[in-house]
């Protein structure tokens, strides 16, 4: 691990001022960053510990909008009554990740910015366009069992590993950011970037930008929402495919729906094609399957990850069927 | 840098700590408390589970400076209140044969302590869910379940 | 000799329990308090930290190594390369083909190239990163079947071949031919099966502390499976006589075969002697994946021929094991794979070819089950397939062909003693089945996918599968396999105390508990002290091959008998009649049960101490004359066979490919359960490792590089993946073994894997010819 300094500012403005250089990283729960530093993937010269900043809150405003501080621990988020009752998909997604000990440490802000599990990204002895732009991507021909079928580019097929971010994407969350220009808001869907020709740029955040909070819009039908995650052991492992969904049914017609996929793309994948196919349509498994297939028509599976297409399709059908049965 | 924090109820100080050291390293190599185990040092196995201000965490992923001014409780601090040297969870692990090589044991005992503090009479499913962040390679977990059940039953006896 | 501060004797705490009693581990208490000193916990005031620089390439020539910048780093005391190895530059368990530090070529990714000592582990790591190695990168040889070709480039320019002439990369080829394999049969089934590379994944990392001694030698405190085989290899590479290299067992955090080979032992001693300071080395988890051998991946081709009634007519098998870059214990592993390729079944006509290859993949060697695991997946998959082809119940087909006492192995060896294959199968089959999966609302944790909320019962099907397997106990093929024990009986503070000393490695399996039970039983004492294991006494052999209770238990028994004879001789010399007497409850007890004398009174200040070796019955090498007519690969190569059967009940989500094991039932003959608590613990733990191989555990090697060297990416079962287990322990007794015992540790790992896969096949109808089974294999996508 490279030598580095450590600061623990008490004000966001101080943190942002410290963090504008590219060699600086924010430290919160440390569950991802500390690991990557041990692997030599991250080599900051200064860590700015943001745990003293006042961002450990979950609150509801008069309009029913729920604001989650970026420093809220995953365990606290999943256990919060407001989240469990109004956004069960989010509580379920958080609980589906990592282990109890890690959820006690990991924060909302850190979870949103966790890095891919692509083995080439984590192995500093190998080329990786994300880690070393222009060095190449061995994953297309190499180990890509858990890499992207949607949204990838020739340069990068890494997947975003977060569960929480999939739920937040489905919920149309809005991220509060503070950077050198001051505080502002970014829809989560606009926070993440597809890799294109510059996969090293994963977000639209400016250098030194600090995530301070996440807003959940009032979405009454999110009370009926679900997160389903498939993985290779019963707990404590990353998804090989996941679905976050909320469904609003009126009579036998889909009035509204939110659908996002995890572990299939470089970003949490909002399934807008499937949503469009579903809205106004019938509430049955054929329609659900057709919608999933419409979304996945754009999939470009590789040699070893084609299984994700039927996996996601089946997860979508099951999740929507369960939500429909309960409405 | 200098690190001052509380370990098992006693104020401690460590000098010349490098920020890249983990809380695990500080406990094991600077505090002389190797009971917290170093099986993966990547947050993947639970062997280094300790309480940090009362919250169960993996000490390997806590950067040393993050422990500044905080209270840490390790397996060595678990039995300090009991006269017999072992607390009821430790005793149950010994009696049920839940210990083989024992490398996962301190972490599992800490996780069990955390479980029983919140859920005094857990179901088997609750035990499994709560201990899913602690890997054991020797036992197949059956006797660990026995140990947690036994500890829970005794805990219920002593604190109705 | 200086003793590190946290090094304390293990297992000296008193416990009670005689043979056959449920006996608690004497080291259990320090293990639950955190006081137990594992090898990574050792610490000395002025110690330095050692780290290893490893090759990033699977195959490359080493043109030059520049250590200048590393050595100039503040805090760095030494940087060593192969030039600094004073003795043998190569080491190995059976064949010394592995460089202590790379000499002119690296042959696998992760091979040690240089070592560094510094005052902080991070300083040492940073310095190691400054070493400049000029590699000429070569194309690696990574496909084991291609490596068999005579045209293949060679991993070793002059390979050390065990016996196969002209075989290029073939390290050993074991041929077994018995009967007439040219026969035809009513029903023939063929199959190809693959087993992925499994890791032992012990939790305690490779680690130890080497302390330079005033006599120019070194004391090494180390977690290992066999102190003396380490001692030999360390001494040879240091160029020191063995008495200058003294090893003491530090606390061992699991082993499962991965500590048979040397890892950091020689490196730590080299640095200690160079710096004249104690050296601590502790591998990270990533390094651990590079730093020890793994279970051999296998590709297998089988052909079974049977009569309509199910009787096996012939079995043909070809098994190819990838040995990786160095020999390790590969020659013995392939011998086992060939020996057990047919499974515990009678078959008079066999044709078996076992190959083990050098490649540029990670070296493979010992892991629990040792060659029998791979072929058990093959032969049990074939038995299921044959049963389906014949329309016979798969358990009945197995029972119909089951080996029994007096059966012949493919090697012609007569199976002596109990071989309860049919009974084990009947027991697991007759055990009550768990309740059917509930169909209404229920706990998600009881379904495939568990807390991930993947199903509420949709797409879930239940399957039940069976398997039986066996393997050898102890070292085979003529190896003089023995152990040494010293037992002392004396009065300390008015109390009779027995002290047991061996070099046997307690790795968590409970050996020291059994040793104390034997002493209590044989000598009639309560207080038994296990002296820490070290090389000041003769070898105990390895803690492997399920042999340690047999061999070291046998040695402790023999030493106790000698001590008892000494006591009785003392009594006799004092005019007491001791004809047929025994020691019980601190007394000499006559054959009629009457107490003759108090042992403590008789001993007074005297000490009776005896040292004995226990050599197990000799075995024979397999016949190897390839040109000879008639049967080959024959011989009574094995000491004892141990058998287990498993039944697995699985709920399978056939749409998502997720599995939840509902229950595992297993039956195993252990001969005699010396400590029933440990016996059951071994069976449960071993079964779980087999479950891991069936469902999730695989070291992914691509282009000669491990892609998942972490516990995030190499998955082992959690408590949520592990089902309730019904364990049935049979005690049928082996008249040739101490106390009638049969080795326990390995059989549970052998048959659990194919039983899981059999249950998955029953649920899905898919062939499932490879382990671990991945979700997409279950769904067929």
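The values are calculated or read from the model by the stated rules, or taken from the named source; none is laboratory data. None of these values were measured; they are calculated from a predicted model. Cβ: placed from backbone, ideal geometry, glycine included. Neighbour counts: every protein chain shown.
A few remarks follow.
- Residue selection: residue B:132 fails the criterion of being under 18 Å from the mean Cα position of the chain (by Cα) and part of a helix (DSSP H, G or I).
- Restricting the range C:504-527 to residues that are touching a helix residue (DSSP H, G or I) at 6+ places or on another chain (Cβ under 7 Å) and under 15 Å from residue C:678 (Cα atoms), the residue that is farthest from the other protein chains (Cβ to nearest Cβ): C:518
- In the range C:662-678, the qualifying residues are those that are surrounded by fewer than 24 Cβ atoms within 10 Å (Cβ to Cβ) and either in contact with a strand residue (DSSP E or B) (Cβ under 9 Å, 6 or more places away or on another chain) or assigned to a loop (DSSP other than H, G, I, E, B) (or both), and the one that is nearest to the other protein chains (Cβ to nearest Cβ) is C:676.
- Matching entry among B:26, B:50 (being outside any strand (DSSP E or B), more than 10 Å from chain C (Cβ to nearest Cβ) and in contact with a helix residue (DSSP H, G or I) (Cβ under 6 Å, 6 or more places away or on another chain)): B:26
- Filter result for residue A:201 (under 30 Å from residue A:45 (Cα atoms) and surrounded by fewer than 16 Cβ atoms within 10 Å (Cβ to Cβ)): yes
- Selection from the range C:735-757 of residues that are closer than 22 Å to residue C:378 by Cβ and assigned to a helix (DSSP H, G or I): C:747, C:748, C:749, C:750, C:751, C:752, C:753, C:754, C:755, C:756, C:757
- Per the listing A:67, A:131, A:140, the residue uniquely more than 14 Å from chain B (Cβ to nearest Cβ) and part of a strand (DSSP E or B) is A:67.
- Residue in the range A:29-52 that is under 20 Å from residue A:168 (Cα atoms), out of contact with any helix residue (DSSP H, G or I) (no Cβ under 6 Å at 6 or more places or on another chain) and more than 10 Å from chain B (Cβ to nearest Cβ) present: no
- Any hit, the range C:457-478, residues being surrounded by fewer than 16 Cβ atoms within 10 Å (Cβ to Cβ), away from chain A (no Cβ under 14 Å) and part of a loop (DSSP other than H, G, I, E, B): yes
- Just one of the listed residues (C:505, C:581, C:562, C:571) is within 25 Å of residue C:243 (Cβ to Cβ) and in contact with a strand residue (DSSP E or B) (Cβ under 6 Å, 6 or more places away or on another chain), namely C:505.
- Pairs linking a residue in the range A:101-117 that is away from chain B (no Cβ under 11 Å) to a residue that is in a helix (DSSP H, G or I), with Cβ atoms under 7 Å and 6 or more positions apart or on different chains, are A:108/A:77; A:111/A:74; A:111/A:164; A:111/A:165; A:112/A:165; A:115/A:36; A:115/A:121.
- Checking each residue in the range C:532-561 for being in a loop (DSSP other than H, G, I, E, B) and surrounded by fewer than 24 Cβ atoms within 10 Å (Cβ to Cβ) picks out C:532, C:535, C:536, C:537, C:538, C:539.
- Just one residue in the set A:78, A:93 is outside any loop (DSSP other than H, G, I, E, B), in contact with a helix residue (DSSP H, G or I) (Cβ under 6 Å, 6 or more places away or on another chain) and surrounded by fewer than 23 Cβ atoms within 10 Å (Cβ to Cβ); that residue is A:78.
- Residue in the range B:59-68 that is closer than 15 Å to residue B:7 by Cα, within 11 Å of chain C (Cβ to nearest Cβ) and buried (at least 21 other Cβ atoms within 10 Å of the Cβ) present: no
- Looking only at the range C:29-61, and only at residues there that are closer than 17 Å to residue C:102 by Cα and surrounded by fewer than 22 Cβ atoms within 10 Å (Cβ to Cβ), the one that is nearest to the other protein chains (Cβ to nearest Cβ): C:56
- Flag if residue A:286 is modelled with pLDDT of 95 or more and farther than 19 Å from residue A:146 by Cβ: yes
- Residue that is assigned to a helix (DSSP H, G or I), more than 7 Å from every other protein chain (Cβ to nearest Cβ) and touching a strand residue (DSSP E or B) at 6+ places or on another chain (Cβ under 9 Å), where the choices are B:114, B:146: B:114
- Total residues in the range A:205-246 satisfying the condition of being in contact with a helix residue (DSSP H, G or I) (Cβ under 7 Å, 6 or more places away or on another chain), farther than 30 Å from residue C:778 by Cα and crowded, with 20+ Cβ neighbours inside 10 Å: the figure is 5.
- Number of the condition not met by residue C:770 [criteria: (1) more than 14 Å from chain A (Cβ to nearest Cβ); (2) surrounded by fewer than 23 Cβ atoms within 10 Å (Cβ to Cβ)]: (1)
- On inspection, residue C:762 does not qualify as closer than 30 Å to residue B:131 by Cα, away from every other protein chain (no Cβ under 14 Å), in contact (Cβ under 8 Å) with a residue 12 or more places away in the chain and in contact with a strand residue (DSSP E or B) (Cβ under 6 Å, 6 or more places away or on another chain).
- For the range C:418-431, the condition of being crowded, with 22+ Cβ neighbours inside 10 Å and in contact with a helix residue (DSSP H, G or I) (Cβ under 6 Å, 6 or more places away or on another chain) holds for at least one residue.
- Filter result for residue C:348 (outside the structural domain of residue C:646 (by TED's automatic domain parsing), part of a strand (DSSP E or B) and surrounded by fewer than 24 Cβ atoms within 10 Å (Cβ to Cβ)): no
Okay, residues lined up against (1) crowded, with 24+ Cβ neighbours inside 10 Å; (2) within 14 Å of chain B (Cβ to nearest Cβ):
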{"position": "C:269", "(1), (2)": "yes, no"}
{"position": "C:277", "(1), (2)": "no, no"}
{"position": "C:286", "(1), (2)": "no, yes"}
{"position": "C:301", "(1), (2)": "no, no"}
{"position": "C:304", "(1), (2)": "yes, no"}
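- Answer residue from the range A:3-39, given it is part of a loop (DSSP other than H, G, I, E, B) and surrounded by fewer than 16 Cβ atoms within 10 Å (Cβ to Cβ) and is modelled with the lowest pLDDT among those: A:3
- For the range C:163-228, the strands (runs of 3 or more DSSP E) that sit wholly inside it and include 2 or more residues that are within 14 Å of chain B (Cβ to nearest Cβ) are C:207-212.
- The listed residues are A:258, A:272, and the only one of them that is surrounded by fewer than 16 Cβ atoms within 10 Å (Cβ to Cβ) and under 27 Å from residue A:202 (Cβ atoms) turns out to be A:272.
- The condition of being within 7 Å of another protein chain (Cβ to nearest Cβ), closer than 18 Å to residue B:111 by Cα, at pLDDT 95 or above and within 13 Å of the chain's Cα centre (by Cα) does not hold for residue B:72.
- Condition met for residue B:85 (within 17 Å of residue C:718 (Cα to Cα) and either free of Cβ contacts under 8 Å to residues at least 40 places away in the same chain or within 12 Å of chain C (Cβ to nearest Cβ) (or both)): no
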